[in-house]
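Comments concern the structure below.
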Amino acid sequence: MSEIGEIRVGMSAKTSVYSENKLVLYRYLPLPDIEPVGDPLIIVYALVNRPYIVDLYPERSLVQGLLNQGLDVYLIDWGYATAADRYLDLTDYVDGYINRCVDAVLNETGRSKVNVLGICQGGSMSLCYAALYPEKVKNLITMVTPVDFHTPENLLSNWFREIDADLLVDTMGNVSGVLLNSIFLSLKPFQLGIEKYLDFAKIVDQPEKVKNFMRMEKWIFDSPDQAGQMFRTFLKSFFHENRFVDGNLKIQGRQVRLHDLQQPLLNIMAKHDHLVPPSASKPLKYLAGSNDYTELVYDTGHIGIYVSGKAGGDIPVQISDWLRRRMTAD
């Protein structure tokens, strides 16, 4: 391990096109001899981990795969919340940050609409955004995104529903990323706490595999704190009250109804996802109003869908083909 050197992540070339508070919006530079086509694609990742998991290293990079397919890729990096962000709410993220990032991309590209790829919690926020701003979102892709938070086998949701959100946030202010990470790891304590380190002993003499292992460790334990008010609202509105399903979600006084989603929808799930089981994502099919809905289920887990061979191989191809068919339809 002393010989592996610096552990680098997020290596695809990119440039900042917009920034605000802790947020930075990046555009990934097109690959040589591959000219981007179609509307730009904005990746909206979750708040609870760092978004470089979609570009962990070149051989396991969803971003690289999308660039290889000729897509114009942008990514919202939320940064690290501090005490100054304690009172940021769902409205600030959806009606504020995401909306201004979309406007920045539209201004830069001269396009009238963007495509959105929302991942996990970022997918839930993207559903809200697309429902509120249909005039700006041409196609919506969700990946391992919770929609129905009350499915029986959703262990994380069952656990979170027992948390007193008000007591937690009023006591802590921002919610510790270290605390949340320990909760996520505790859902599979043997596999994530013991087994992987026993398996690591088998590869210590293989530098490249050690580097890949350490890249994942770096990401797993790089856990930003969560803005307190946002955590409170998200926990109560979705985990406790399941407002996507009952249709009673409001942002800035505006009703957010999934039935208002008329855009083409591509819903990507992981068969062995222990954080967002497919049963939590599949209800999008009947809750959304779109008559153009596609599902893809991959034989992987929640993290594997970003970093397995499929992340750099089949998934970007499927996303690109799906988008191109809708360009042709236009």
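How many of the residues in region 109-155 are surrounded by 22 or more Cβ atoms within 10 Å (Cβ to Cβ) and part of a loop (DSSP other than H, G, I, E, B)?
7
Would you confirm whether or not region 188-195 contains a residue that is in a helix (DSSP H, G or I) and either buried (at least 18 other Cβ atoms within 10 Å of the Cβ) or aliphatic (A, V, I, L, M) (or both)?
The initial filter retains those residues of region 188-195 that are in a helix (DSSP H, G or I), namely 189-195.
From what is left, the residues that are either buried (at least 18 other Cβ atoms within 10 Å of the Cβ) or aliphatic (A, V, I, L, M) (or both) are 192, 194.
Checked region 188-195: at least one residue is in a helix (DSSP H, G or I) and either buried (at least 18 other Cβ atoms within 10 Å of the Cβ) or aliphatic (A, V, I, L, M) (or both).
Give me the strands (runs of 3 or more DSSP E) completely within region 245-330, filtered to those with at least 2 residues that are touching a residue at least 24 places away in the same chain (Cβ under 8 Å) and over 18 Å from residue 125 (Cα atoms), ordered by residue number. Please lay out each step first, then the result.
Working: elements: 249-251, 254-256, 265-270, 293-298.
Fully inside region 245-330 and qualifying: 293-298.
Could you tell me how many of the residues in region 1-39 are assigned to a strand (DSSP E or B) and free of Cβ contacts under 8 Å to residues at least 60 places away in the same chain?
The first filter runs over region 1-39 and keeps only residues assigned to a strand (DSSP E or B), leaving 14-20, 23-28.
Imposing the further condition that a residue be free of Cβ contacts under 8 Å to residues at least 60 places away in the same chain reduces the set to 15-16, 19, 24, 26, 28.
Selection size over region 1-39: 6.
In region 218-233, which residues are surrounded by 23 or more Cβ atoms within 10 Å (Cβ to Cβ) and assigned to a helix (DSSP H, G or I)?
228, 230, 231 - these are the residues of region 218-233 that are surrounded by 23 or more Cβ atoms within 10 Å (Cβ to Cβ) and assigned to a helix (DSSP H, G or I).
So is residue 210 over 30 Å from residue 322 (Cα atoms) and touching a helix residue (DSSP H, G or I) at 6+ places or on another chain (Cβ under 7 Å) or not?
Details: over 30 Å from residue 322 (Cα atoms): yes; touching a helix residue (DSSP H, G or I) at 6+ places or on another chain (Cβ under 7 Å): no.
So residue 210 does not fit the description; no.
If I filter region 170-191 down to residues being of a type in the set (Ser, Thr, Tyr) and within 20 Å of the chain's Cα centre (by Cα), which single residue comes out as farthest from residue 273 (Cα to Cα)?
So in region 170-191, the residues of a type in the set (Ser, Thr, Tyr) come out as 171, 176, 182, 186.
Restricting the remaining residues to those that are within 20 Å of the chain's Cα centre (by Cα) gives 176, 182.
Numbers: 176: 24, 182: 17 Å.
Out of the qualifying residues, it is 176.
Looking at region 66-80 only, could you name the residues that are more than 22 Å from residue 99 (Cβ to Cβ) and surrounded by 24 or more Cβ atoms within 10 Å (Cβ to Cβ)?
Within region 66-80, 66 is the sole residue that qualifies.
Would you check which residues across region 54-65 are in contact (Cβ under 8 Å) with a residue 60 or more places away in the chain, touching a strand residue (DSSP E or B) at 6+ places or on another chain (Cβ under 9 Å) and buried (at least 24 other Cβ atoms within 10 Å of the Cβ) and list them?
Scanning region 54-65 gives 54, 61, 62.
Which of the residues that make up region 130-161 are among the small types (Gly, Ala, Ser) and at pLDDT 95 or above?
130, 131
Can you find a residue that is at positive phi and either at pLDDT below 95 or not β-branched (Val, Ile, Thr) (or both) anywhere in region 230-251? Spell out the reasoning first.
If we filter region 230-251 for residues that are at positive phi, which is where we start, we get 242, 247.
The next check asks that each one be either at pLDDT below 95 or not β-branched (Val, Ile, Thr) (or both); those that pass are 242, 247.
Yes - at least one qualifying residue is present in region 230-251.
How about region 50-91: which of its residues are among the β-branched types (Val, Ile, Thr) and not in a loop (DSSP other than H, G, I, E, B)? If you could, list the steps in order and put the result at the bottom.
So the first thing to find is which residues in region 50-91 are among the β-branched types (Val, Ile, Thr), and the list is 53-54, 63, 73, 76, 82, 91.
Passing the criteria: 53, 54, 63, 73, 76, 91.
Filter region 66-82 down to residues that are at pLDDT 95 or above and out of contact with any strand residue (DSSP E or B) (no Cβ under 8 Å at 6 or more places or on another chain) and give me whichever is farthest from residue 316 (Cα to Cα).
The qualifying residue farthest from residue 316 (Cα to Cα) is 82.
For residues that are at pLDDT below 85, touching a helix residue (DSSP H, G or I) at 6+ places or on another chain (Cβ under 7 Å) and small (Gly, Ala, Ser), scanning just region 285-320, find the one that is surrounded by the most Cβ atoms within 10 Å (Cβ to Cβ).
311
Please state which of the following conditions residue 162 fails to meet, knowing it meets all the rest: (1) within 19 Å of residue 285 (Cβ to Cβ); (2) not in a helix (DSSP H, G or I).
(1)
Need pairs with beta-carbon distance below 6 Å; first residue over 20 Å from residue 47 (Cα atoms) and within region 90-116, second among the aromatic types (Phe, Trp, Tyr); sequence gap 6+ or separate chains.
Note: pairs meeting the criteria are 104/18; 105/74.
Any residue at all in region 12-27 that's exposed (fewer than 15 other Cβ atoms within 10 Å of the Cβ) and touching a helix residue (DSSP H, G or I) at 6+ places or on another chain (Cβ under 7 Å)? Even if it seems obvious, please write down each step before you answer.
Taking region 12-27 as the starting set, the residues that turn out to be exposed (fewer than 15 other Cβ atoms within 10 Å of the Cβ) are 13, 15-16, 19-20.
Keeping just the survivors that are touching a helix residue (DSSP H, G or I) at 6+ places or on another chain (Cβ under 7 Å) gives 20.
Yes, the conditions are met somewhere in region 12-27.
Look at residue 67 and say whether it is of a type outside the set (Lys, Arg), more than 16 Å from the chain's Cα centre (by Cα) and more than 29 Å from residue 255 (Cα to Cα).
Values: of a type outside the set (Lys, Arg): yes; more than 16 Å from the chain's Cα centre (by Cα): yes; more than 29 Å from residue 255 (Cα to Cα): yes.
Taking the combined requirement at face value, the residue satisfies it.
I'd like the full set of residues that are in contact (Cβ under 8 Å) with a residue 24 or more places away in the chain, over 21 Å from residue 52 (Cβ atoms) and small (Gly, Ala, Ser), limited to region 173-231.
Selection gives 173, 228.
The values are calculated or read from the model by the stated rules, or taken from the named source; none is laboratory data. All of these numbers come straight from a predicted model, not from anything done at the bench. Positions of Cβ are backbone-derived with ideal geometry, glycine not excepted, and every protein chain shown enters the neighbour counts.
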